[in-house]
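J.: Take a look at the following structure, please.
The values are calculated or read from the model by the stated rules, or taken from the named source; none is laboratory data. Here the structure is a predicted model, which is why all the values come from computation and not from measurement. Note that each Cβ is placed from the backbone with ideal geometry, even for glycine, and that neighbours are counted across all protein chains shown. These area figures cover heavy atoms from the full protein model, side chains too; ligands, DNA and RNA do not enter into them. Shrake-Rupley method; radii C 1.70, N 1.55, O 1.52, S 1.80 Å.
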Amino acid sequence: MSAETGARVPLLSLAPAELAELVVRLGGRPFHAKILREAVLAKGVLDFASLTSLPRVLREALEREVAPLSGREIDRVVSRDRTTKLLLSFARDGGPDATVETVHIPPHDPTRGGGATLCVSTQVGCPVGCPFCASGKAGLVRNLEAHEIVEQYVRGRALGELSRSVVMGIGEPLLNYANLSAALDVVHDELGLGARKVTVSTVGFPERLRRIAPTKPRFQLAISLHSPDDEQRGELVPAMAGVPVEDVLAAGDHWFEVTGREVTYEYVLLSGTNDSPGHAERLARRLARRRCTVNLIPFNPVPGAPYARPILGAVERFQTALAELRVVSTVRWSRGVESDAACGQLRIRKLA
């Protein structure tokens, strides 16, 4: 329970049947619970007093005993391009303060319509330990609960319409998959974001991917690769040290065969480290006969990290080398660089 909610029960932590039972205990009817849940999830209503479709006595009881959200916003940074990063705290009684980041990224051209992209977190901290990433600098504190993941979507919608979501925030999603899967069921069924509008990014644990693929996962898959070479990938993604790159790619092939959805391979470009023409050629040869796309991500500077952002020419040469072997790629220049754009930086700054 967060300090903000006191002794009140967080609404999103209750299953629909549990919420109905509570509403009846407070003097309402079961259908009132459905109205209440839909108001919070689908409409973003966080003030029970404004729900005039509910009896006044029930609204007053809800105000005393139920909290719309479990966490609290402790910081907000808005960049020049209107990208908004929220630092949220999900504190538990007797436990460490659990802070995560959620990022609301508006469309490049708002005049053309469409909503924003929301980037959400799945863990407090991260156990993977990539040396170029701020998310894992303080280690792993705990997994987020399903309702804490859903709450990020509720807060994101309050900032504006959402068209898609990327689960690329703090944490490794496959290491908290049960809670993530439960949260995405709510996102799909009650917030209306379809499976092709949600992308989950993972470092690609092969056995986990092979177990999940047959379960009809409700998301697109992105695998963070970062190097075509086994030894270097083990250095850049320590949790995958000793796991051959080819095993990860084979799991991606299996995913495509079972789900019918192409895999995106993410590749953070680190100047002078993994952005040489040789790296591009080796990566292209590994992927040349595979149905996939490579998402090139120029490094976002992180204080204390021994890496630099590549220049535009180096990025273009890398992409050209992939194209020469018919590997499709895109470049994602991160938004909101002036506001600690790299995932985890805002959290680390607050912890410091």
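J.: Hey, can you rank 129-140, 249-260 by average C-beta count inside 10 Å, highest first?
T.: The densest-packed peptide leads the list: 129-140, 249-260.
J.: Let me ask something additional. State to the nearest 20 debye the size of the charge dipole of the chain about its Cα centre, where the only charges are +1 on K and R beta carbons and -1 on D and E beta carbons.
T.: Approximately 640 debye in magnitude.
J.: Taking the convex hull of the alpha carbon atoms in the chain, what volume per residue do you get, in Å³?
T.: Dividing the Cα hull volume of the chain by its residue count gives 141 Å³.
J.: I'd like to check one number: the per residue accessible area of the chain, probe 1.4 Å, reported in Å² as a whole number.
T.: Accessible area per residue, the chain: 44 Å².
J.: Residues with beta-carbon under 15 Å from that of H279, excluding H279: net charge, scoring Lys, Arg +1 and Asp, Glu -1?
T.: Counting the neighbours of H279, the net charge comes to -4.
J.: Of the peptides 227-240, 313-326, how do they stack up when ordered by the mean number of other Cβ atoms within 10 Å, highest first?
T.: Most protected by this proxy first, the peptides run 227-240, 313-326.
J.: Continuing with the same structure: For A7, put the label point 7 Å out on the Cα→Cβ axis and report which residues of region 48-72 keep their amide N under 18 Å from it.
T.: Only 60-68 pass the distance filter.
J.: Restricting to Cα atoms and excluding each atom paired with itself, what does the Kirkwood estimate give for region 8-140 in Å?
T.: Here the Kirkwood hydrodynamic radius works out to 17.5 Å.
J.: Additional query: Roughly speaking, what is the centre-to-centre gap between region 46-96 and region 17-42 when only Cα atoms are used, to the nearest Å?
T.: 17 Å
J.: Net charge near L193: determine it from the other residues with C-beta under 12 Å of the C-beta of L193, scoring Lys and Arg +1 and Asp and Glu -1.
T.: So the environment of L193 carries a net charge of +1.
J.: Further question: Between I311 and E65, what is 0.36 nm times their sequence separation minus the Cα-Cα distance? Round to one decimal in nm.
T.: 83.1 nm
J.: Sticking with this one: For region 66-215, with equal point scatterers placed on the C-alpha atoms only and solvent neglected, what are the log10 I(q)/I(0) values from the Debye formula at q = 0.10, 0.13, 0.18 1/Å, to two decimals?
T.: One equal scatterer on each Cα of region 66-215 leads to -0.34, -0.59, -1.13.
J.: Which listed residue (L249, A222, L236) has the Cα farthest towards the positive end of the charge dipole for region 217-265, taking +1 on Lys and Arg C-beta and -1 on Asp and Glu C-beta about the Cα centre?
T.: The one lying farthest along the dipole's positive direction is A222.
J.: Quick one: if the Förster radius is 41 Å, what FRET efficiency do K43 and W333 give, using the C-beta to C-beta distance and rounding to 0.05?
T.: Plugging the Cβ-Cβ distance into 1/(1 + (r/R0)^6) gives 0.75.
J.: What translational D, rounded to a whole number of µm²/s, comes out for region 206-303 from Stokes-Einstein when the hydrodynamic radius is the Kirkwood one over Cα pairs, at 20 °C and 1.002 mPa s?
T.: 152 µm²/s
J.: Between L140 and residues 5 or more places away or on another chain, which pairs have amide H atoms under 5 Å apart, with H built 1.01 Å from N, and which residues are they?
T.: Counting only residues 5 or more places away or on other chains, the set is C126.
J.: Separation between the H108 and A182 pseudo-spin-labels, each 7 Å from Cα along Cα→Cβ, expressed in nm?
T.: 3.9 nm
J.: Ignoring ligands, DNA and RNA, what percent of the accessible area of region 156-221 is carbon or sulfur (1.4 Å)?
T.: About 47 percent, which is the carbon plus sulfur part of the accessible surface.
J.: Let me check I've understood the local charge: for W255, count other residues with C-beta under 14 angstrom from its C-beta, Lys and Arg +1, Asp and Glu -1. What total comes out?
T.: +3
J.: Take the alpha carbon atoms of region 192-210, find their center, do the same for region 125-162, and report the distance between the two centers in whole angstrom.
T.: One Cα centre to the other: 15 Å.
J.: Using the per-residue mean of other Cβ atoms lying within 10 Å as a proxy for protection, in what order, highest first, do the peptides 49-58, 82-91, 283-292 fall?
T.: Ranked by mean Cβ neighbours within 10 Å, highest first: 82-91, 283-292, 49-58.
J.: Could I ask something else about it? Over the chain, what relative contact order in percent results from Cα pairs under 8 Å that are six or more residues apart?
T.: Reported relative contact order: 14 percent.
J.: Of all accessible surface on region 27-136 at a 1.4 Å probe, what whole percent is carbon and sulfur?
T.: 52 percent
J.: Report the Stokes-Einstein translational diffusion coefficient (µm² s⁻¹, integer) for region 24-86, Rh taken as the Kirkwood radius over Cα pairs, at 25 °C with viscosity 0.890 mPa s.
T.: 182 µm²/s
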